[in-house]
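Below: the structure, in structure tokens.
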Amino acid sequence: MGNGMNKVVDGLYLGNIRDSENRESLSQNNITHILSVYNNAKPVLEDMTYLCIHAADVSSQNL
């Protein structure tokens, strides 16, 4: 995922933490909501709507 977010289907993108902080890319793709799954998941951009799920990056994590 070093090349930015990837479109999964219309209106749904998959990316990493850097992608979720890239205002220009988020705006270009009309993204207003972010699902963050991360051990330190927290809202970063004030003008976005977030759902933050705290989860460890380990195979035993139950999502």
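Let's see how each residue does on (1) surrounded by 10 or more Cβ atoms within 10 Å (Cβ to Cβ); (2) modelled with pLDDT under 95; (3) charged (D, E, K, R):
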position: Ile17; (1), (2), (3): yes, yes, no
position: Glu21; (1), (2), (3): yes, yes, yes
position: Pro43; (1), (2), (3): yes, yes, no
position: Asp47; (1), (2), (3): no, yes, yes
position: Asp57; (1), (2), (3): no, yes, yes
position: Ser60; (1), (2), (3): no, no, no
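Among the residues of the range 6-43, write down those that are assigned to a helix (DSSP H, G or I), more than 24 Å from Ser59 (Cβ to Cβ) and without any contact (Cβ under 8 Å) to a residue 12 or more places away in the chain.
Going residue by residue through the range 6-43, those that are assigned to a helix (DSSP H, G or I) are 17-20, 23-28.
Those still in the list that are more than 24 Å from Ser59 (Cβ to Cβ) too: 23-28.
If the condition is that a residue be assigned to a helix (DSSP H, G or I), more than 24 Å from Ser59 (Cβ to Cβ) and without any contact (Cβ under 8 Å) to a residue 12 or more places away in the chain, then Glu24, Ser27, Gln28 are the ones that fit.
I'm checking my understanding of the structure. Among residues of the range 32-41 that are within 10 Å of the chain's Cα centre (by Cα) and closer than 21 Å to Asn3 by Cα, which one is surrounded by the most Cβ atoms within 10 Å (Cβ to Cβ)? Please lay out each step first, then the result.
Keep residues of the range 32-41 that are within 10 Å of the chain's Cα centre (by Cα), which gives 33-38, 41.
Adding the requirement that they be closer than 21 Å to Asn3 by Cα leaves 33-38.
Values: His33: 9, Ile34: 20, Leu35: 13, Ser36: 18, Val37: 13, Tyr38: 15.
Only one residue fits best here, namely Ile34.
Of the conditions (1) within 10 Å of the chain's Cα centre (by Cα); (2) assigned to a loop (DSSP other than H, G, I, E, B), Asp47 satisfies every one except a single condition; which number is it?
(1)
The values are calculated or read from the model by the stated rules, or taken from the named source; none is laboratory data. Not measured: the values here are computed from a predicted model. Please note: Cβ atoms are built from the backbone with ideal geometry, for glycine as well, and neighbour counts cover all protein chains shown.
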